[in-house]
Amino acid sequence: KIVEIEPQMISEDFSFYQEHVPGLFYFIGTRNAEKGYVYPLHNAKFNFDDTILMHGLETYRSVLLHKNSIAEK
């Protein structure tokens with residue numbers, strides 16, 4: 001499930017890396033209202049279900065596999 005969002009002004013140095021090396025920056029959604037995980041990252045009440053990390057790994061794996069399939073053509 002991918003949701004494209006508008007560009008955001010966040011405090012991140014990633015764009016400086018992309019001046020030299022192509023890259024991709026993406027967010028992994030962690031919000032889960034049923035479990036009460038509704039607070040943003042830098043909030044003292046922030047929490048998340050760690051199984052979401054597997055979704056992040058799978059997304060990263062898919063990007064790498066897609067990149068490799070393009071490189072082989």
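Return the carbon/sulfur percentage of the accessible area of the chain, one whole number, probe 1.4 Å, all protein chains in place.
Values: 4230 of 7280 Å².
Exposed carbon and sulfur together represent 58 percent of the surface.
Take the Cβ atoms of Leu64 and Lys35, set R0 to 35 Å, and the FRET efficiency comes out at 0.70. For Lys67, the accessible surface of its heavy atoms amounts to roughly 130 Å² (probe 1.4 Å, protein chains only, rounded to the nearest 10). Helical runs (DSSP H, four residues minimum) scored at -39500 (n - 2.57) apiece and divided by the length of the chain put the mean residue ellipticity at 222 nm at -11500 deg cm²/dmol. These residues, Leu64, Leu24, go from largest to smallest accessible area, 1.4 Å probe, as Leu24, Leu64.
Residue ranking by accessible heavy-atom surface, 1.4 Å probe, largest first, among Val3, Val38, Val21 comes out as Val3, Val21, Val38.
Shape class for the stretch 1-47: prolate, because the ratio a/c of the largest to smallest gyration tensor axis (alpha-carbon atoms, square roots of eigenvalues) is 1.5 or more and a/b beats b/c.
The values are calculated or read from the model by the stated rules, or taken from the named source; none is laboratory data. Owing to the predicted nature of the structure, the values given are computational and were not obtained by experimental measurement. All Cβ positions, glycine included, derive from the backbone under ideal geometry; neighbour counts span all protein chains shown. For accessibility, only protein heavy atoms count, side chains too; no ligands or nucleic acids. Shrake-Rupley method; radii C 1.70, N 1.55, O 1.52, S 1.80 Å.
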